[in-house]
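Encoded as structure tokens, the structure appears first; notes follow it.
The values are calculated or read from the model by the stated rules, or taken from the named source; none is laboratory data. Quantities reported herein were computed from a predicted structural model and do not represent experimental measurements. Here the Cβ positions follow ideal geometry from the backbone for every residue, glycine too, while neighbour counts run over all protein chains shown. Note: areas computed on protein heavy atoms with side chains; ligands, DNA, RNA excluded. Shrake-Rupley method; radii C 1.70, N 1.55, O 1.52, S 1.80 Å.
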Amino acid sequence: MIVGVLGGGQLGRMLALAGHRLGVRVRCFDPDAEACAGQVTELVVGDYGDTAALGRLIDDCDAVTYEFENVPIEAAAWCAERVETHPAITALAAAQDRMEEKALLRAHGLEPVPHMLVESEPQLREAVEAIGLPAVLKTCRGGYDGKGQVVLREAVDIPTAWAELGGAGGERVRLVLEGFIAFSREISLLTVRGKGGEVRHYDPVCNEHEGGILVRSHPAGEAADPAELDRVRAGVASLMAGLGYVGVLAVELFERPDGRGGGRLSANEMAPRVHNSGHWTIDAAACSQFENHLRAVLGLPLGSTRTICTWEMRNLIGHIPAAEELLSEEGLRLHAYGKAEKAGRKVGHVTVVGE
Ligand code: AMP
């Protein structure tokens with residue numbers, strides 16, 4: 001069996017590695033000939049608008065998927081017209097636009113943070129009045145790892161925030177102002193849904209970010225309130241069923257200390273793909289998110305999402321420390337992505353596993 005993957009970064013690479021063990025060929029697609037998946041699997045190099053190159057990706061494929069949410073919709077739709085493509089294009093489209101994403105989350109009972117659409121500086125003033133400060137201004141499209149967002153602390157920040165994200169160029173921009181959540185923890189939920197509608201959840205994960213980049217994940221244990229976790233899981237299952245979703249979905253949540261019982265979960269965003277906060281599943285779950293994603297898109301039975309040992313995951317950002325130093329830590333499993341070192345770039349991760 002062959003699975004085509006739009007994108008050839010580390011997520012494509014880890015899908016390929018999971019595929020090899022299953023006897024599934026994973027073929028990635030990327031505009032960059034140096035994309036790191038190309039070190040471990042077949043890589044088709046081309047622009048997303050190049051249908052001849054996309055044709056080489058989907059040739060003989062049993063299914064197509066994607067490994068980042070900013071894949072141009074047209075490229076994914078072109079593949080979907082020719083080969084079964086999962087997750088659904090509607091999920092990809094919603095994840096590319098923060099307003100659409102929040103509407104979708106809300107429709108399934110996953111309450112997003114307070115927010116308003118902002119398309120002009122006067123609208124930004126109105127939104128600040130309504131939502132209050134501090135607040136976070138974000139581009140609706142194209143942001144990732146904290147890029148495309150500015151925190152507003154005082155009203156005097158309004159003109160500079162607008163100039164930074166909205167003002168330049170005079171083009172129509174869509175921004176969203178969100179209330180700044182004084183969260184107690186950031187939690188993510190990873191769920192896989194098979195073609196037959198079966199849904200399996202991994203245990204919830206607690207994530208720590210620095211400068212908008214995930215640096216460390218560990219088990220969230222009972223997310224503050226088990227009833228709240230059940231409510232959110234039901235919402236995720238309903239969202240996936242509504243979209244006819246197949247594959248892994250990550251939903252990022254803020255745990256709010258002000259909720260009833262002290263742990264209400266508000267939805268921040270979703271990623272219709274395998275996710276950095278699920279890397280631990282390679283070393284500490286019965287079946288990893290990568291293997292389960294492949295199983296799902298190929299219509300194979302899903303694997304167990306059970307956690308099999310204790311774990312902590314740390315991202316290696318910018319550079320990989322000397323192997324002598326890193327590998328001396330007991331229980332540490334290194335995943336190096338074969339990427340050039342660069343400040344702020346995720347170049348690998350480690351999972352430290354225990355009993
Ligand atoms: P995002 O790109 O929306 O995932 O934002 C990146 C990170 O910025 C999040 O993981 C949070 O740590 C922080 N952040 C984003 N939005 C908010 C918010 N409304 N309130 C507080 N922190 C936020």
> What is the Cα centroid distance between the range 241-319 and the range 1-19, reported in whole angstrom?
Replying inline: 17
> For the range 320-339 and the range 185-218, what is the separation of their Cα centres, given in Å?
Replying inline: 23
>> Run lengths n ≥ 4 of DSSP H only: what is the helix-derived mean residue ellipticity at 222 nm for the chain, with -39500 (n - 2.57) per run over all residues, to the nearest 500?
In response: -7500 deg cm²/dmol
>> Using only the alpha-carbon atoms, how far is helix 121-131 inclined from the longest principal axis of the chain? Give it as 0 to 90 degrees, nearest 10.
In response: 90
>> Within the chain, what whole-number % of the accessible surface is contributed by carbon and sulfur, with the 1.4 Å probe and all protein chains included in the calculation?
In response: 50
>> Applying a 10 Å radius around every beta-carbon, put 20-32, 125-137 in order of their mean neighbour count, most first.
In response: 20-32, 125-137
> Nearest 20 debye, what's the magnitude of the dipole of the range 262-355 about its Cα centre given +1 on Lys and Arg Cβ and -1 on Asp and Glu Cβ?
Replying inline: 520
> What ³J(HN,Hα) values, in whole Hz, does the Karplus curve 6.51 cos²θ - 1.76 cosθ + 1.60 give for the range 74-85 when θ = phi - 60°, with x put for Gly and Pro?
Replying inline: 4, 5, 5, 5, 4, 5, 5, 5, 10, 9, 4, 10
>> Between helix 98-107 and the chain, what is the angle of the helix's C-alpha long axis to the longest principal axis, kept within 0 to 90° and rounded to the nearest 10?
In response: 90
> Which far-off residues, 5 or more places away or on another chain, put their amide H under 5 Å from the one on Arg333, with H placed in the peptide plane?
Replying inline: Thr351, Val352, Val353
> Residues with amide H under 5 Å of Leu316's amide H, sequence separation 5 or more or different chain, H placed in the peptide plane at 1.01 Å from N; which?
Replying inline: Val347, Gly348, His349, Val350
> Excluding same-chain residues fewer than 8 positions from Lys346, which aspartates and glutamates have a Cα within less than 14 Å of its Cα?
Replying inline: Asp145, Glu210
> Just going by the charge dipole of the chain, with Lys and Arg at +1 and Asp and Glu at -1 on Cβ, which of Ile282, Ile181, Asn268 is farthest out on the positive end?
Replying inline: Ile282
>> Just the number please: accessible area per residue for the range 114-179, 1.4 Å probe, all protein chains included, in Å².
In response: 53
> How would you order 79-86, 185-192 from highest to lowest mean count of nearby Cβ atoms within 10 Å?
Replying inline: 185-192, 79-86
> What does the accessible area per residue of the range 185-353 come to in Å², with a 1.4 Å probe and no ligands, DNA or RNA counted?
Replying inline: 38
> Pairing the Cα long axis of helix 10-22 with the longest principal axis of the chain, what angle in degrees results, from 0 to 90 and rounded to the nearest 10?
Replying inline: 30
> So what are the ³J(HN,Hα) numbers for the range 325-340, from phi and the Karplus equation (6.51, -1.76, 1.60; θ = phi - 60°), rounded to whole Hz, Gly and Pro as x?
Replying inline: 6, 5, 6, 7, 6, 4, x, 8, 10, 8, 10, 9, 8, x, 9, 5
> What ³J(HN,Hα) values, in whole Hz, does the Karplus curve 6.51 cos²θ - 1.76 cosθ + 1.60 give for the range 155-164 when θ = phi - 60°, with x put for Gly and Pro?
Replying inline: 4, 5, 6, 4, x, 5, 5, 5, 4, 5
> Taking amide hydrogens as modeled 1.01 Å from N in the peptide plane, which residues meet the under 5 Å criterion relative to Val215, leaving out close sequence neighbours?
Replying inline: Glu208, His209, Glu210
>> Give me the percent relative contact order of the chain, please, defined on Cα pairs under 8 angstrom at least 6 residues apart.
In response: 15
>> Ordering Lys339, Lys138 by accessible area with a probe of 1.4 Å, largest first, what comes out?
In response: Lys339, Lys138
> Considering the dipole of the range 147-306 built from charges on the beta carbon (Lys and Arg +1, Asp and Glu -1) around the Cα centre, which of Ala241, Val205, Pro159 is farthest to its positive end?
Replying inline: Ala241
>> Rounded to the nearest 20 debye, what is the charge dipole size of the chain about its Cα centre when +1 sits on each Lys and Arg Cβ and -1 on each Asp and Glu Cβ?
In response: 560
> Taking the Cβ of Leu302 as the center, what net charge do the other residues with Cβ under 15 Å away carry, scoring Lys and Arg +1 and Asp and Glu -1?
Replying inline: +3
